[in-house]
Structure formats: C-alpha cells, structure tokens
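Structure, as structure tokens:
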Amino acid sequence: MFYNKIKTLVPQNLKAFIRNPLLNTKLKRAYRYDYQKYLKFGRNRFESSPVKLIGQIILLYHVIEKGLTMPETRLGFGKQRIIRLCDLCLKYRDKYGLDDDQVTHAIQVILEYNDFHKRNNFKLDKSVIECIDHILDFANQIEPSQQIEVTREDYFKHTFDSFQLFSNSRSSIRNFTQQNIPIEELEQALELARNTPSACNRQSWRTYIFSDHERIKRILDAQGGNNGFGHLTNKLIVITGEMGLFGGIAERYQVYIDGGMYAMNLLYALHYNQIAACILNCSHTPEKDELLRNICGIKDSENFIAMIACGIPPERFKIAISRRYERSDTNNIID
C-alpha cells in the first residue's frame, strides 16, 4: 500500500531514468539466453544430428527443385550443391537408415536431376556423375521425382472454392510473363490482408511496393535468393515491421511473429486476386541489412520481414514439389 503511494509520487521521467538501465541489463541477459540456445541447438556447429542433417538435405534438394522449375533451366546447374546433397544423403543413410521421407524425396530429386540431363544429352562433370553413381548403387527401387507442370487456368481454378482447395492450390511461382499487374489489383490484396491478427491489434506490418524495374533489380541483386527468375518480377513487395510498437523483454521478437503472419495472409490475398508470387527471405547479415535499407528507403525503426516477387504466370509453367512432412511428423496432440 505504502509502496503504491510512493510510486504515484515519482515523476514519469524519473521512473524512466531508473527503469532504462535495469531494462538494458535484462535485455542483454535475454539476448545472451537466445544466443546460447541458438549456438547450441542451431545448425552452427560441426556435430551432426538427424534433425540438423535433415535440415541441410531439405535446403539443398529444394535448391535443385527450384533449378528444375526455372523458366530456362541452365544445364549443369548446381554442381557443388548436387555433390553435397549426395554426400549428405549417404551420410544420413549410413548413420540413421532411409526411413525418413525427406531423405527419400532428396534421392528422388537427385535421380530427376540425373534424368533431366540425360534427356537433354548433357554430360555432367565427372565428379557429379561419381556422386550420383553412389546414390544409384542403392536407389534402384526409388523412382525419380517429377516437378509439377500446370497451366495458368488450372493453377487459379480453385480461387473461389473451399478454403481447403484454395489453400492447397497456392504455391510459390518462379515464372512470370512481361504482363503488367495493375496497382489496383495489388491494393485489393493489401486490403484483404488487413484482417491479419496481431498482438494487441498493433498491426506492426508495413509494405513497400516497387514497380521500377531498375530499382527492383538492385533490391533483388542485394537479396541474392532469386537467381534464374528475379529478372521477371513485375512488382516487388517488401514487408517490414515497425519495432516502435513493441517494448520490454518478452516482445523482442514479436515484430517478426506478427510480420510473418501478415506475409502469409498477403500471399493468400495475392493468390485470391490471381497474382502469382514467390516469397523471398530476408535473413540478412548486418551488412546486407544496411545495404537493402538504403536501396529500399525503409525507416531505421523497421525490420525486414520478407519480400514477395509478383507477376502474371505464363500459360504453362512448373512448380517445385516441396515435399511436405506428414501431419504426424510435426504435430503433437497432448491429452
């Protein structure tokens, strides 16, 4: 009681003066906690575990999948990645067997990569052939994967169907025509995405839509994860999150959580408006963050969440399979 009365008599600026050093100390402790956990459990050290190996395998096979679905797939692409992928699959097989569906799918992608080059009468480098041969030695019962080929009409045919059909029909597209997207259609998608939930309704997301092809090129060159299709982007949406809406220790990552939910909702909204899209990550080093901040012209108080390359797809194009885990692999029902 007495303590509460004293608190009411202390000026706000004095409270802030006392609180700030204490908050700084607690924040440093919280970020140290995050740092130690990420260093210990993230894929940062040399030791391998099934989870860490699978993470590397998925990352690499998806790079190969993307290469196989490009508008103009470059023959012989991904040499070092396919070698590394073969090595990791062999390592996983030797240590843990072949029971994981993701490893099986990675092997299928390797076989598809091999078949693709055979069909195009392209002789792969000797080092690549040797690695693939090691896979072929034990994968004779495994069929190659086949990236998905669809028409534009089929891709958008579930736009007005049930949410189950609508959601399952959306995929990342990396093939666009030169057709322009009217800004009004993007505004309709932005309007729809406004319904995204956020912590205490603070709506921290911000978007920047770029139309100038030269500026888009500069942004995507700096981003670096769009080789083979980035040059076809008609409109680029950069999503950021305003840090000033959050405070304290517990909310140190809330801007990314709310921003991530908004990004997914916006992808659905774009699909609903029949705009093809591919989300691009913004997991940047400090140097790249500063570079992109300057090119994009975003505020210092905003953090990058993601970028979305947008365009109108051609009449026929390919989609990466992007093998999903079974529901039981990633979900737990606790009584």
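The numbered conditions (1) surrounded by 15 or more Cβ atoms within 10 Å (Cβ to Cβ); (2) outside any loop (DSSP other than H, G, I, E, B); (3) without any contact (Cβ under 8 Å) to a residue 12 or more places away in the chain are all true for GLN188 except (3).
Hey, can you tell me all the residues within region 256-295 that are in contact with a Phe, Trp or Tyr (Cβ under 6 Å, 6 or more places away or on another chain) and of a type in the set (A, V, I, L, M, F, W, C)?
Answer for region 256-295, where residues must be in contact with a Phe, Trp or Tyr (Cβ under 6 Å, 6 or more places away or on another chain) and of a type in the set (A, V, I, L, M, F, W, C): just CYS282.
Go through (1) without any contact (Cβ under 8 Å) to a residue 40 or more places away in the chain; (2) closer than 17 Å to ALA277 by Cα for GLN141 and report which single condition fails. The failed condition is (2).
Go through region 229-259 and give me each residue that's within 22 Å of ASN24 (Cβ to Cβ), crowded, with 20+ Cβ neighbours inside 10 Å and out of contact with any strand residue (DSSP E or B) (no Cβ under 6 Å at 6 or more places or on another chain). Correct list: GLN254 only.
When the criteria are applied in full, ILE279 meets the requirement of being touching a strand residue (DSSP E or B) at 6+ places or on another chain (Cβ under 6 Å) and surrounded by fewer than 21 Cβ atoms within 10 Å (Cβ to Cβ).
Under the condition of being among the polar types (S, T, N, Q), more than 16 Å from LEU88 (Cβ to Cβ), surrounded by 12 or more Cβ atoms within 10 Å (Cβ to Cβ) and out of contact with any helix residue (DSSP H, G or I) (no Cβ under 6 Å at 6 or more places or on another chain), the residues counted in region 105-146 number 1. Among the residues of region 146-181, those that are within 27 Å of ILE107 (Cα to Cα) and in a loop (DSSP other than H, G, I, E, B) comprise GLN146, GLN147, ARG170, SER171, SER172, ILE173, ARG174, ASN175.
Out of (1) in a helix (DSSP H, G or I); (2) in contact with a Pro (Cβ under 9 Å, 6 or more places away or on another chain), the odd one out for LEU90 is which? LEU90 satisfies all of (1) in a helix (DSSP H, G or I); (2) in contact with a Pro (Cβ under 9 Å, 6 or more places away or on another chain) except (2). Condition first: exposed (fewer than 10 other Cβ atoms within 10 Å of the Cβ), more than 22 Å from the chain's Cα centre (by Cα) and part of a loop (DSSP other than H, G, I, E, B). Can you find one or more residues in region 37-54 that meet it? Looking for residues that are exposed (fewer than 10 other Cβ atoms within 10 Å of the Cβ), more than 22 Å from the chain's Cα centre (by Cα) and part of a loop (DSSP other than H, G, I, E, B), one finds at least one in region 37-54, hence yes.
Listed here are the residues, each with its yes/no results for (1) out of contact with any Phe, Trp or Tyr (no Cβ under 8 Å at 6 or more places or on another chain); (2) in contact (Cβ under 8 Å) with a residue 40 or more places away in the chain.
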site	(1), (2)
PRO71	no, yes
LEU85	no, no
TYR113	yes, yes
HIS134	yes, yes
THR159	no, yes
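Restricting attention to region 213-232, the residues that are assigned to a helix (DSSP H, G or I) and either polar (S, T, N, Q) or more than 12 Å from LEU291 (Cα to Cα) (or both) add up to 9. The set of residues in region 258-279 being assigned to a helix (DSSP H, G or I) and closer than 25 Å to VAL150 by Cα consists of ALA263, MET264, ASN265, LEU266, LEU267, TYR268, ALA269, LEU270, HIS271, TYR272. Any residue in region 280-291 that is touching a Ser or Thr at 6+ places or on another chain (Cβ under 8 Å), in contact (Cβ under 8 Å) with a residue 60 or more places away in the chain and either over 24 Å from PRO71 (Cα atoms) or part of a helix (DSSP H, G or I) (or both)? Among the residues of region 280-291, not one is touching a Ser or Thr at 6+ places or on another chain (Cβ under 8 Å), in contact (Cβ under 8 Å) with a residue 60 or more places away in the chain and either over 24 Å from PRO71 (Cα atoms) or part of a helix (DSSP H, G or I) (or both), which makes the answer no.
Any read-out appearing in this document is the output of simple, stated calculations on the displayed coordinates, not a laboratory observation. Bear in mind that the values here come from a model prediction, so they are computed numbers and not experimental data. In this analysis, Cβ positions are derived from the backbone assuming ideal geometry, glycine residues included, and neighbour counts consider all displayed protein chains.
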